[in-house]
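Trainee: Okay, here's the structure, questions in a sec.
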There are 2 protein chains.
Amino acid sequence: MSQQRNDRPDGDLRNTGMSLRHDREWDYELDRIVEEVEERGAETVGLQFPEGLKRRGPGVADDLRESLPDDVSVMISGQPCYGACDLDTYLMKRTDVFVHFGHSPMKDSNKILYVPLFSNVDVFPIIEEAIGNQLASPDEDPDVGLVTTAQHMNKFEEMREFLEDEGYTVHTRRGDDRLTHEGQVLGCNYESADIDADQVLYVGGGKFHPLGLAMEHQDKNVVIADPVNNAVTIADAEQFLKERYASVHKAMDAESWGVIFCTKIGQGRWEEAQEIVDNNDDAYLITMDEITPDRLLNFGMDAYVNTGCPRITTDDGPQFHAPMLTPGEYKIAIGEKPLDELEFDTFHGTW
Amino acid sequence: MSQQRNDRPDGDLRNTGMSLRHDREWDYELDRIVEEVEERGAETVGLQFPEGLKRRGPGVADDLRESLPDDVSVMISGQPCYGACDLDTYLMKRTDVFVHFGHSPMKDSNKILYVPLFSNVDVFPIIEEAIGNQLASPDEDPDVGLVTTAQHMNKFEEMREFLEDEGYTVHTRRGDDRLTHEGQVLGCNYESADIDADQVLYVGGGKFHPLGLAMEHQDKNVVIADPVNNAVTIADAEQFLKERYASVHKAMDAESWGVIFCTKIGQGRWEEAQEIVDNNDDAYLITMDEITPDRLLNFGMDAYVNTGCPRITTDDGPQFHAPMLTPGEYKIAIGEKPLDELEFDTFHGTW
C-alpha cells in the first residue's frame, strides 16, 4: 500500500465492517455491492461517481478489490457525471454490476445499483438559525414548504417534525416521477416545491438547487439553510433572470439556430428538438453528450436552443460565444410567445 | 434563406449538380448520399464532420434537405471527431444513413458512408521545391519513401510518377489494416513508412502527421512538403522526445496509476489496459471517451497510462497535471524495460 493512500482520511466503519481509507462522511455500502457481485456471479464491476467524489474512486476500488475474488475486475467511469440523469451507459452496458454513487434513482433498473451517499452532517442547528430570521416565524407565516436534496433525504421526516414542533404547518410534495422522494429537488425539477406556501425552506449544501428553485418559483421566498457551509441565505435569482432576458434579446436577430439534442440517457427531449427543426428552415439538429462552448464554437451558429439540461443554459449559457436559449425562450425569441411568459425550463419524466 | 448562409463561399459544382454554398475545395458527394437514402428508404441521416469542417455542417445539411423528401430528418454530430477511429456510435446506431466526412474507412461497414473529401490543392509545385533542397537529390540518394494523408490519396500515383520522373526510386507500402491506402499515414500509425530508404517525403498539410512519423522513425529524415501552407520543412521530433523522457522520469515515483481505457470505437486497447491493472495493485482502470486534463484532475492520481490515442499522450500530455505515459513508457517507468527502449506508441488494427 502506498504512503499516499494511507494519508487518506479514515472512513466510516459503522456499516461496512471494512477498513475504509476515505472520507468519513459517506457510507459507500460496500457490503451491498459485494453481495450483489456474489449473487450475480459478476466478473466486472463498474463504479460511477459524481465529479466531487471522483477522488474517492481509487479508495473505494481498493476496498472492493480486497473483498472480491481476484478475477473480478473493477472499473471506474472517467466520464463527467452531473446527476442521476447522467449514467455512463457505455460502462453500464459492459459491466455485470454497475454502481452509481451519490444520486437517488431516476428510474429503477436491475442493472444499476444506486448508492445514495447520505450526508451525516447535522442539519438542525442551521434550520434553527433560519427560523424567525430569513424564514418568517410561525407567528408571521405558519406555512412553509420543505425541500432538500438526495444527500439529506434520510433526515427529511425529522426535519418536518422539527419544523412542526416549532409551530409551522409544513407543506411537502413528491413531484413527478423524475424525483424519487417526497420533498426532493433536482437542478432541473422543482415540482416538490409546488405547494401552497409563500416561503420554502431548502436544506442542503450550495446554491445550485435553491437558485433553480427561485427561478422556477419566482413568487416564493426561498430560504437556504446550508449545513455544509453553515450559512443561512435567501436565494436570489435576479442575476440569472437578467441574463435570460439578455440572451433572448440577442437571439432575436439570429439567422441560424443550432438545436441541441442531448444524448445523455436522462437529458434527451426528442420531441421538443424535432418540433423546432421541423418548423424552422434555419434550424439544425446537433446531437452531443457534453454541451460545451468549445464544441459549439466549431459550428458558428448565431444562436442555440438547448433541449438538454436546463442548468447548462441558465448557469453556463453566458460562457458560450452565442446566445443559448431554453425551448420556451426560443419561442419568445422567434415571436411565438410574449416576453412576459419567460419562465424557468424544467425537465420532467425519466427516459 | 438567411443572409449569413448566402455569404458562404460557393461550392464545387462539378460532381454534384447541386448548388453548394460552401468551400469550393471539397466535394461532399451529395448525390451519393441522396442515392443511399433513397435506396435504403432512410428516414434519418446522421452527418459527422472532423473539427475543422464542422462549420460546413449546416450548409451540407441545407443542400441535403433541398434534395431529400421532407420527411427525412438530417442530424449533425456535435461530438468531437479526430479521425476514422472516432465515429459517433450514438448517432450511427440511431440513423438509417450515417455519413462520416473527411477520413478514409478504418473498417468498412454497410452502416457507414465514408466521404473522403479529397483536397484539390496542387501538390506538385511544393514537391518540386523540396527536391534537391531538404530532400536529397536523386544523385545524392535516389531512395525515397512517399507518404500522404487521406486528403491527398487521390494524387498518390501521380506523386509517385512525378518523383520517378525526377530520377528517384520511390518506396511505398500499405501498412496494416488500420490504413486504407498504400502510402497512407495516420497520426497513430506509420507502418507505410517502414520502407528501405533513409528519407521519407510527406506530402500534406500541417505538422501533426510528419511529427508522429519522425517520432516513429527516428533514423529517417522526414521532409514535409506542405501544399496548404506552401512550405518545405524537416520534421523535428526532438522536443516531443525530450518531453517523453521527462514524463517517464517524473512517473517513476508514482504510487498510484490511472490506467485509461478509451471507449471510442477505434481507440480501445483492452488487453494492454487489463494487463497493467492485473499486475499492479496501485493501478486503477478508468474508462472514458474524451481524455482531457479536467477529467483526470478529478481523480488526483500520481500518473496515468493512456492506452487510447497515442497522440493525446505525446502532443497534449504536458498539459495534464500529472505525467501521462504510453503503455511502453509505463514499462520503463516501473523498471520492466530499459530507458533506451523508449519508442513512439503506435496503434494497430481496427476494432
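Only the coordinates and a few stated rules stand behind these numbers; no lab work does. Given the structure is predicted, the values throughout are model-derived calculations rather than measurements. Cβ coordinates were reconstructed from backbone atoms using ideal geometry, including for glycine residues, and neighbour counts include every protein chain displayed.
Trainee: Which shape class, rounded, prolate or oblate, goes with the stretch A:137-232 when its Cα gyration tensor gives a ≥ b ≥ c as root eigenvalues, a/c under 1.5 marks rounded, and past that a/b bigger than b/c marks prolate?
Mentor: Because its axes are fairly even, with a/c under 1.5, the stretch A:137-232 counts as rounded.
Trainee: To one decimal in nm, how far is residue B:241 from the same spot in the other copies, if labels go 7 Å from Cα toward Cβ? Please give the shortest first.
Mentor: 6.5
Trainee: Between residue A:71 and residue B:351, take the C-beta separation as r, use R0 = 41 Å, and let me know the FRET efficiency to the nearest 0.05.
Mentor: Step by step, r from the Cβ atoms, then E = 0.95.
Trainee: Starting at the first residue of the stretch B:283-300, write each ³J(HN,Hα) from the Karplus equation 6.51 cos²θ - 1.76 cosθ + 1.60 with θ = phi - 60°, in whole Hz, x for Gly and Pro.
Mentor: With the stated coefficients, the stretch B:283-300 comes to 10, 10, 7, 10, 9, 6, 8, 7, 9, 10, x, 4, 5, 7, 3, 4, 8, x Hz.
Trainee: Considering every residue in A:71-77, what mean count of other chain Cβ atoms within 10 Å of its Cβ is obtained?
Mentor: Average neighbour count from other chains, rounded to a whole number: 4.
Trainee: So, in nm, how far is label residue B:165 from label residue A:133 when the simple model puts each one 7 Å beyond its Cα toward the Cβ?
Mentor: Rounded to a tenth, the inter-label distance reads 8.6 nm.
Trainee: Applying 1/(1 + (r/R0)^6) with R0 = 35 Å to the Cβ-Cβ distance of residue A:32 and residue A:158, what FRET efficiency is obtained, to the nearest 0.05?
Mentor: 0.90
Trainee: For a quick check: sort B:160, B:178, B:56, A:40 by the number of other beta carbons within 10 angstrom, fewest at the front.
Mentor: Fewest to most other Cβ atoms nearby, the residues stand as A:40, B:160, B:178, B:56.
Trainee: OK, next. Could you please state, rounded to a whole Å, how far the C-alpha centre of the stretch B:82-147 is from the C-alpha centre of the stretch B:188-235?
Mentor: The distance from the Cα centre of the stretch B:82-147 to that of the stretch B:188-235 comes to 14 Å.
Trainee: What full-extension length gain, to one decimal in nm, is calculated for residue A:89 and residue A:315 as 0.36 nm per residue of separation minus the Cα-Cα distance?
Mentor: Residue separation times 0.36 nm, minus the Cα-Cα distance, leaves 78.8 nm.
Trainee: Next question, about the same structure. Name the GluC sites (Glu not before Pro) in the stretch B:120-183 that are in a loop by DSSP and that have at most 10 other C-beta atoms within 10 Å, would you?
Mentor: Sites meeting the loop and neighbour criteria: B:140.
Trainee: For residue A:336 and residue A:51, what is the calculated FRET efficiency with R₀ set at 30 Å and r taken between the beta-carbons, to the nearest 0.05?
Mentor: Result of the calculation: an efficiency of 0.25.
Trainee: Sequence-distant or interchain residues sharing an amide H contact under 5 Å with residue B:114, placed H: which?
Mentor: Residues meeting the amide H criterion: B:100.
Trainee: Using square roots of five times the C-alpha gyration tensor eigenvalues, list the equivalent-ellipsoid semi-axes of the stretch A:238-341 in whole Å, biggest first.
Mentor: Equivalent-ellipsoid dimensions as semi-axes: 18, 16, 14 Å.
Trainee: Which residue fluctuates the most in chain B, going by a Gaussian network model with Cα springs under 10 Å, if the choices are B:212, B:204, B:46?
Mentor: So, out of B:212, B:204, B:46, the one fluctuating most is B:46.
Trainee: Looking at chain A as a GNM with Cα springs under 10 Å, which of A:255, A:329, A:191 has the largest mean-square fluctuation?
Mentor: Taking springs between Cα atoms under 10 Å, the residue moving most is A:255.
Trainee: Still on this structure, please answer the following. Is there a simple number for the mean count of other chain Cβ atoms within 10 Å of the Cβ of residues in B:279-291, and what is it?
Mentor: 6
Trainee: Then there's this: How big is the dipole moment of the protein assembly as shown about its Cα centre under a simple scheme where the beta carbon of each Lys and Arg is +1, that of each Asp and Glu is -1, and everything else is neutral? Debye, nearest 20, please.
Mentor: Its charge dipole is roughly 20 debye.
Trainee: Test of understanding: in a Gaussian network model of chain A with alpha carbons linked when under 10 Å, which of A:223, A:259, A:34 would top the mean-square fluctuation ranking?
Mentor: Highest fluctuation of the listed residues: A:34.
Trainee: Distances in nm, one decimal, shortest first, from residue B:105 to the same residue in every other copy, taking the label point 7 angstrom along Cα→Cβ.
Mentor: 4.4
Trainee: Please rank B:233, A:307, fewest neighbouring Cβ atoms within 10 Å first, as an exposure proxy.
Mentor: B:233, A:307
Trainee: Moving on to the next point. The stretch A:267-346: which trypsin sites (Lys or Arg not before Pro) are DSSP loop and have at most 16 other beta-carbon atoms within 10 angstrom?
Mentor: Qualifying residues, ordered by number: none.
Trainee: Classify chain B from the C-alpha gyration tensor, please: rounded if a/c falls under 1.5, else prolate or oblate depending on whether a/b exceeds b/c.
Mentor: oblate
Trainee: Would you calculate, for chain B, the mean residue ellipticity at 222 nm contributed by helices, counting each DSSP H stretch of 4 or more residues as -39,500 (n - 2.57) and dividing by all residues, to the nearest 500?
Mentor: My calculation for chain B gives -7500 deg cm²/dmol from helical runs alone.
Trainee: Still on this structure: Report the label-to-label distance for residue A:233 and residue B:141 in nanometres (one decimal), using points 7 Å from each Cα along the Cα→Cβ vector.
Mentor: Reported label-point gap for residue A:233 and residue B:141 is 6.6 nm.
Trainee: Next up: Let me confirm one metric for peptide B:39-51, namely the mean number of other chain beta-carbon atoms within 10 Å of its residues' beta-carbons.
Mentor: The per-residue average across the peptide is 1.
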